Amino acid sequence: MQDWAFDPVGPKARVKRSGLPHERLVTFMANRRPGRTYMNVIGREFGLKAHQRKDLQKTLRDDNHATTLALKALGVTYGSEDNGREAKSYLVKAAQQDRPHPRYPAHIDAKGRNGYGPIARAVSAPPKHRYIR
């Protein structure tokens, strides 16, 4: 008769702890539209606890951190408003002005203005009424 190889605790395995989501934050903000994104939205999106969100905010306040530099390259800056209990922290993504709208040529904006007249037309339309003599 042999002993059964059973260990009630099981084999030991290392569990990867979830750290701060630096790479995911850069990817998240790269795919985000221009405008404000509040830190509570980011905390919910990544499932951060309160102390993890505070550590992330501390990282974002550091101008020489790799994450902050990567976000600045995307046009994203960190800011906060108010003080104390009503304080709100956010990331602001600036609109890119050098990239034209994909649907319109560079000289025509989204409302059809080309800077020279009220409406830009690709082909000039003939007059509606012609007087024939």
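The numbers here are math on the coordinates, done by the rules we state, and not lab data. On a predicted model such as this, the values are computed, not experimentally measured, just so you know. Glycine gets a Cβ as well: all are built from the backbone with ideal geometry, and neighbour counts include every protein chain shown.
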Structure shown: which of Lys58/Lys93; Lys54/Lys88; Lys49/Lys72 lie over 22 Å apart, alpha-carbon to alpha-carbon? Lys49/Lys72
Relative contact order (%) - segment 22-93, alpha-carbon pairs under 8 angstrom, separation at least six: 39
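Find the all-direction average of the projected area of the Cα convex hull for segment 22-93, expressing the result in square nanometres with one decimal place.
Working: hull surface 18.2 nm².
Average of the hull's projected areas for segment 22-93 equals 4.5 nm².
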Here FRET efficiency (C-beta to C-beta, Ala87 to Gln52, R₀ 22 Å, nearest 0.05) is 0.80
The local net charge around Asn31, scoring Lys/Arg +1 and Asp/Glu -1 for residues other than Asn31 whose Cβ lies under 14 Å from its Cβ, equals +2
